[in-house]
Amino acid sequence: MAQKIKSTKKCYECFAYLPSNATVCNSCNAKVGPADERGIAKKPTDWKSYFLAIVGFIAFGIFIWWSFLR
């Protein structure tokens with residue numbers, strides 16, 4: 001079966017209709033990714049936040065080591 005090419009997708013936050021090539025929602029300013037099979041845009045992975053969380057945990061571990069275990 002041939003796949004349908006969709007010309008729109010829905011924002012995952014506010015369900016506003018967006019062009020299929022949109023990266024930011026016009027209504028709520030959320031970042032949107034490609035559409036899934038139901039036409040709802042996927043939430044993109046925020047790698048910057050994951051990286052900052054890991055750096056924060058490492059810094060906290062170093063602080064605990066420096067404060068109590070040295």
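The values are calculated or read from the model by the stated rules, or taken from the named source; none is laboratory data. If you're wondering where the values come from, they're calculated on a predicted model, not measured in any experiment. Here the Cβ positions follow ideal geometry from the backbone for every residue, glycine too, while neighbour counts run over all protein chains shown. To get the accessible areas, we keep the full protein, side chains included, count just its heavy atoms, and leave off ligands, DNA and RNA. Shrake-Rupley method; radii C 1.70, N 1.55, O 1.52, S 1.80 Å.
When a 1.4 Å probe is rolled over the protein heavy atoms, the share of accessible surface on the chain that falls to carbon and sulfur comes to 63 percent.
Each Lys and Arg contributes +1 and each Asp and Glu -1, all at the Cβ; summed about the Cα centre of the chain, the dipole is approximately 140 debye. With each label modelled as a point 7 angstrom along the Cα→C-beta vector, the Glu13-Ala53 pair spans 1.8 nm. Relative to the longest principal Cα axis of the chain, at what angle does helix 47-64 sit, 0 to 90 degrees, rounded to 10? Value to nearest ten degrees: 10.
Across the chain, the mean sequence separation of Cα contacts (distance under 8 Å, 6 or more residues apart), normalised by length, yields a relative contact order of 21 percent. Using 0.36 nm per residue and subtracting the Cα-Cα separation, the extra length available between Asn26 and Asp46 on full extension is 5.3 nm. Reported value for region 15-70: 104 Å³ per residue, from the convex hull of its C-alpha atoms.
Ranked by the mean number of other Cβ atoms within 10 Å of their residues, highest first, the peptides 6-15, 37-46, 55-64 fall in the order 6-15, 37-46, 55-64. Accessible area per residue for the chain is 89 Å², calculated with a 1.4 Å probe on protein heavy atoms, without ligands, DNA or RNA.
For the residue pairs Lys10/Lys43; Lys10/Lys31; Lys6/Lys48, the C-alpha atoms sit more than 21 angstrom apart in Lys6/Lys48. Report, in whole Å, the centroid distance computed from the Cα atoms of region 43-70 and region 6-38. Their Cα centres are 32 Å away from one another.
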